[in-house]
Amino acid sequence: MFSFLQFLVVAAISYAAFGAAIWGLVDASRRSNEAFVSASKQTKTLWVVILVVATALLFISLPFPLGGGSGPFGIVGLAAAVAVIVYHVGVKPALGPHRKGPSGGGRNTRNTGGW
């Protein structure tokens, strides 16, 4: 019983880390290179490569049904999870004030009226 509960906790953390990696990869690939450079956060290419590698490593380290690893608690999964956390905590907030993508992203800058 207790081992099954441990497996569920590890699986939940593993899938959450994998989802965060995919989310970070999609977010980084939608941003412009100028946003990364102006925020002094390396380049877009470097971060996309880091997140692709982290996503692949987290996929490999998923528990048994999909992967063969021990989740993000092994050394490989832990390194990948740290890279994803660094992107979400350090890089993504610094890119926040900058435009998303070449068309300006999802913000509506048009004046819609009012008083």
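Computed values, structure above
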| item | result |
| --- | --- |
| Rg to Rh quotient for the range 2-95, alpha carbon positions, Kirkwood Rh | 1.06 |
| In nm, spacing of pseudo-spin labels at VAL37 and LEU8 (7 Å Cα→C-beta vector) | 5.1 nm |
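Read the figures in this text as sums done on the coordinates, not as results from a lab. Fair warning: this is a prediction, and the values are worked out from it, not measured in the lab. Reconstructed Cβ throughout: ideal geometry from the backbone, glycine too, with neighbour counts over all protein chains shown.
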